[in-house]
Amino acid sequence: PPAPRQPRHFRGGSMLAAAGGALRAAPPLARSAGASMLAGAAISALVIGGFNLLGFAATLVAPAKAEKVTDLLGTGAIAASAIATFALSPFPLSLRKVLVTAAVVSWGVRLAGFLFYRVLRTGGDTRLEQYFETVSSMAAFWGVSALWGWLTALPTTLLCFSPAAARPLGPIAIVAAAVFCSAFAAEAVSDWQKWHWKQDPNHADHWCDVGLWSQCRHPNYASELTIWPSIFLLAAPGLVQVSGSAVARVGGVAAAALCPIFVALVILKVSGVPIAEARNERRFAQRPAYQQYKSSTPLLVPRFVQRWFV
């Protein structure tokens, strides 16, 4: 008889293909919801970890130019993870998977592309310089970036490896998809409006208060705080399993909920709104016009949205 075939060793992208292939070939018991979603989480960790490891290596080689790749690799890693988990999903194609993956990839490609274009035009990002002064601070930065990316990608990661992903779309999914499209457009418009505003030398010593920035002080963050809950709600019905214990049935939903919770904590308490507000206070606090803008303009919920509920 022919000699038994020796195991093949995989590297790089082949390792991801091997993981997906092994899961497809596994017996039904091994392809339980929990095991499958754990496999998806592992694949996502490999992709996002690889992107951020590449970023760490780039900052070691050229720390003075590190700001140019932070958003391209950090944000781009989330889009790459979504593509990888979608491509390696062991379950049949479904409309819900297509919509959630398309949402995450669209968000990642647009934001990474815009931020990369912006940093190339401005020459750098002084806000990040403190993170690239020592090897330990570089490692911490890229480690946190990898954790952020992995948690943010959880809804699409788990959905692509969920046996229940083919569940038909319902009213919640339709509303969530519509909300995502609105928030995605608002974020793109607010980024463009502020970028266009800052290109005028006459605005160098003034805050942006045009367009969506006249409706609230941080429309970009307001959009981000809307995007991820909508993606979570779009994915959530496909994460509820039909069998097993109560924990097993809703465990994927609970894990995916870490995404919007983590994003909200970062934006509201760490590196989003607090830093932006403090920066404006340092620059404009002594100017009555800014105090008037601040007192009359909502922090996050735009005026036109508030009018809908009043």
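The values are calculated or read from the model by the stated rules, or taken from the named source; none is laboratory data. These figures come from a predicted structure and were not determined experimentally. Note that each Cβ is placed from the backbone with ideal geometry, even for glycine, and that neighbours are counted across all protein chains shown. We work out accessible area using only protein heavy atoms, side chains counted, and drop any ligands, DNA or RNA first. Shrake-Rupley method; radii C 1.70, N 1.55, O 1.52, S 1.80 Å.
Odds and ends about this structure:
- Counted residues, the stretch 231-244 - those being part of a loop (DSSP other than H, G, I, E, B) and surrounded by 15 or more Cβ atoms within 10 Å (Cβ to Cβ): 2
- Options Trp192, Trp228, Trp213, Trp142; residue that is aromatic (Phe, Trp, Tyr), open to solvent by 60 Å² or more (accessible area, probe 1.4 Å) and under 30 Å from Val100 (Cβ atoms): Trp192
- Of all residues in the stretch 76-88, those satisfying the criterion of being open to solvent by less than 40 Å² (accessible area, probe 1.4 Å) and either among the aliphatic types (A, V, I, L, M) or in contact with a Ser or Thr (Cβ under 9 Å, 6 or more places away or on another chain) (or both) are Ala77, Ile78, Ala79, Ala80, Ser81, Ala82, Ala84, Thr85, Leu88.
- Criterion: open to solvent by 70 Å² or more (accessible area, probe 1.4 Å), under 23 Å from Ala103 (Cβ atoms) and modelled with pLDDT of 90 or more - qualifying residue of Leu54, Leu73, Leu46: Leu46
- Of all residues in the stretch 195-210, those being open to solvent by 40 Å² or more (accessible area, probe 1.4 Å) and among the aromatic types (Phe, Trp, Tyr) number 0.
- Pick from the stretch 94-128, criterion surrounded by 17 or more Cβ atoms within 10 Å (Cβ to Cβ) and aromatic (Phe, Trp, Tyr), ranking: nearest to Trp228 (Cα to Cα): Trp107
- Scanning the stretch 145-167 for residues that are open to solvent by 30 Å² or more (accessible area, probe 1.4 Å) and not hydrophobic (A, V, I, L, M, F, W, C) returns Pro163, Arg167.
- Residue match in the stretch 281-298 (condition: within 30 Å of Val105 (Cα to Cα), assigned to a helix (DSSP H, G or I) and in contact (Cβ under 8 Å) with a residue 12 or more places away in the chain): no
- Cβ separations smaller than 6 Å between residues 6+ apart or across chains give no pair from the stretch 244-255 residues that are in contact (Cβ under 8 Å) with a residue 24 or more places away in the chain to residues that are open to solvent by 60 Å² or more (accessible area, probe 1.4 Å) and in a loop (DSSP other than H, G, I, E, B).
- All of Val273, Val247, Val263 fail the test of being surrounded by fewer than 17 Cβ atoms within 10 Å (Cβ to Cβ) and of a type in the set (Val, Ile, Thr), apart from Val247.
- Total residues in the stretch 207-226, condition within 13 Å of Glu277 (Cβ to Cβ) and either in contact with an Asp or Glu (Cβ under 7 Å, 6 or more places away or on another chain) or in a helix (DSSP H, G or I) (or both): 1
- Single unsatisfied condition, Pro201 versus (1) over 19 Å from the mean Cα position of the chain (by Cα); (2) in contact (Cβ under 8 Å) with a residue 24 or more places away in the chain: (2)
- Ser295 being among the polar types (S, T, N, Q), open to solvent by 40 Å² or more (accessible area, probe 1.4 Å) and under 19 Å from the mean Cα position of the chain (by Cα): no
- Residue check, Phe132 more than 19 Å from the chain's Cα centre (by Cα) and farther than 25 Å from Leu265 by Cα: no
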